[in-house]
Each structure stands twice: as structure tokens, then as C-alpha cells.
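Here's the structure, in C-alpha cells; my notes come after.
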Amino acid sequence: MRIGVHAHLETTDTLLPQILETIPADVDIHVTSVVNDMPVLQRAHVDWLQDKDVDDVAALFLYMRPYVMGYDLFCHVHDRIFVHSFGRGWRDYLLAGLLGDVADIVSLFEEYPSLGCLFPPIYPELKVFMEDAGIDPMPEIEAAEKFLARMGPNGKISRSEIFYSPGHMFWFRPKALRQMFSTPMKSEDLDSASCLHAIVAVRNGYEAKSYLPDKAKYVKWYMHEIVKPDTELLQ
């Protein structure tokens, strides 16, 4: 199985370059960065982006196009600190869940052939925030349906597909999201919120699941506590 990781770097206030050093040597690392003095691995393929407004979603679906479909399994992460008061903890919770034990993640994709997209369960503080704020996902879903219609699917998102990775970091099988890398797009087409819903809905018969590895090594960076994950894939 050929495996790749894409890391988009936007800030020097991150441990992501150090985390990448823990990734097994047989995993290819691709880095896009808008920070010229960012330390990166010598083993990584690095694209220094001149457009400082490129976000991680555009970096993945535009700048990774030449590479992604050559892999059986691919991961997308970034180092942005989210604007919420718990933003740093949320970011590093996702990084821990996705890169804390790469071998564990890979074994899940090998064990479950129908698995197309995998990401950690929603960050607990984010869940509380969304519930308290009464956030309505429908405007994002409507935008995502228009986005989907351009790629060939029927353009409708069922209730069961309102399931995605808040923070847009995830593992995926490239063939499960192949339209995202073949449909002509520009940066302005890739609104982060609606794109997230489309990522899950476009998955070509594959399933999306959430899971947090027991051995995630970096969960304690900024978190006060962590709920012990289930040992099975979460529904």
C-alpha cells in the first residue's frame, strides 16, 4: 500500500514539523507552506506557495492534484489555530488523532475495505459550542449540493451524509474522492464549509467513520482531559 501525507503550514507556532518526523519512513510527506522560514523535513517534498491567501483546503485539492491519485491512502492535516478560545486544543486534538499512530490508522483501512474517509470524533468543546450556538448546517449543505452537482453525483446530500470532519483534517482513499481531484476548480470554488460536506457525500460508495487511536502520542499537548476512545469504529 502506497501512503502519503499532506501538511499545509501557515504558522511558526506549531509542532507539526516535529510530528512529521515520527511518521514511518515508508510514508511519503508532501508539504505546502506560506511561511518561508518554516522548518521542514529533508525527506519531504515541499511547495513554497507565493499566494499567502491559499488555505489548506485549496492547497489539498489544487496543489496536491499531481500527487494524490498515485496513492492508495492519503492524509491531510494543517497547523492553523482555529479562532475559538479552544482553537489550539482543537487543532492539536486532530493532529494527535490523525498522526499519533499512523500504523493503527493504516491497519483500519486494510481491515475495512469499504472505509473511504476517517477522522477523529468531534472535539468535545466544539460540540458544546455548536449546540449552545444552535448552528444550522443547512446553508452549508445547500452550497455543497451545488458543488456536488458540478462533479456528477445527483447533487443531493441525505441526512445520513451530514457527517464530516470539523477542522478539515482527515485520512482518505483517493479513489473514494476522485472527483474532487479531477473536476476543474479554482481556489474561490473551494469554500471550506460546503466543501467539507461534499467530501463526505462524494465518496463513491465508500463509508466515512470517526475514530481516535488509543496510542495517539500527542493528545496531551494542550488538552485538559481526553475521553478514552472506543476500541471500535464509531458509528
TODO: Check the stretch 85-106 and report whether any residue there is over 17 Å from the mean Cα position of the chain (by Cα), buried (at least 18 other Cβ atoms within 10 Å of the Cβ) and closer than 14 Å to residue 167 by Cα.
DONE: yes
Task: Hits in the stretch 2-25 (condition: touching a helix residue (DSSP H, G or I) at 6+ places or on another chain (Cβ under 6 Å) and in a helix (DSSP H, G or I)) - done: 19
Open item on the list: Could you check the stretch 84-102 and list, in sequence order, the residues that are under 20 Å from residue 207 (Cα atoms) and of a type in the set (A, V, I, L, M, F, W, C)?
Closed with: 94, 98, 102
Task: Selection within the stretch 55-71 - out of contact with any strand residue (DSSP E or B) (no Cβ under 7 Å at 6 or more places or on another chain), assigned to a loop (DSSP other than H, G, I, E, B), of a type outside the set (A, V, I, L, M, F, W, C) and under 20 Å from residue 173 (Cβ atoms) - done: 70
Open item on the list: Looking at the stretch 1-22 only, could you name the residues that are of a type in the set (Ser, Thr, Tyr), surrounded by fewer than 20 Cβ atoms within 10 Å (Cβ to Cβ) and under 15 Å from residue 77 (Cβ atoms)?
Closed with: 11, 22
Open item on the list: Going by what's in this entry, would residue 160 be described as at pLDDT below 60, hydroxyl-bearing (Ser, Thr, Tyr) and either closer than 24 Å to residue 14 by Cα or out of contact with any Asp or Glu (no Cβ under 7 Å at 6 or more places or on another chain) (or both)?
Closed with: yes
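Could you tell me which residue of the stretch 31-66 is modelled with the lowest pLDDT, considering only residues that are of a type in the set (Phe, Trp, Tyr) and over 20 Å from residue 94 (Cα atoms)? Full working, then the answer.
The first filter runs over the stretch 31-66 and keeps only residues of a type in the set (Phe, Trp, Tyr), leaving 48, 61, 63.
After this cut, where a residue has to be over 20 Å from residue 94 (Cα atoms) as well, the list is 48, 63.
On the way: 48: 86, 63: 91.
Out of the qualifying residues, it is 48.
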TODO: Looking only at the stretch 23-30, decide whether some residue is buried (at least 19 other Cβ atoms within 10 Å of the Cβ), closer than 22 Å to residue 185 by Cα and modelled with pLDDT of 85 or more.
DONE: yes
Open item on the list: Given (1) surrounded by fewer than 18 Cβ atoms within 10 Å (Cβ to Cβ); (2) more than 17 Å from residue 181 (Cα to Cα); (3) out of contact with any strand residue (DSSP E or B) (no Cβ under 8 Å at 6 or more places or on another chain), identify the lone condition not met by residue 36.
Closed with: (3)
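The values are calculated or read from the model by the stated rules, or taken from the named source; none is laboratory data. Since this is a predicted model, take the numbers as computed values, not measurements. Using ideal geometry, Cβ is built from the backbone for each residue, glycine included, and neighbour counts are taken over all protein chains shown.
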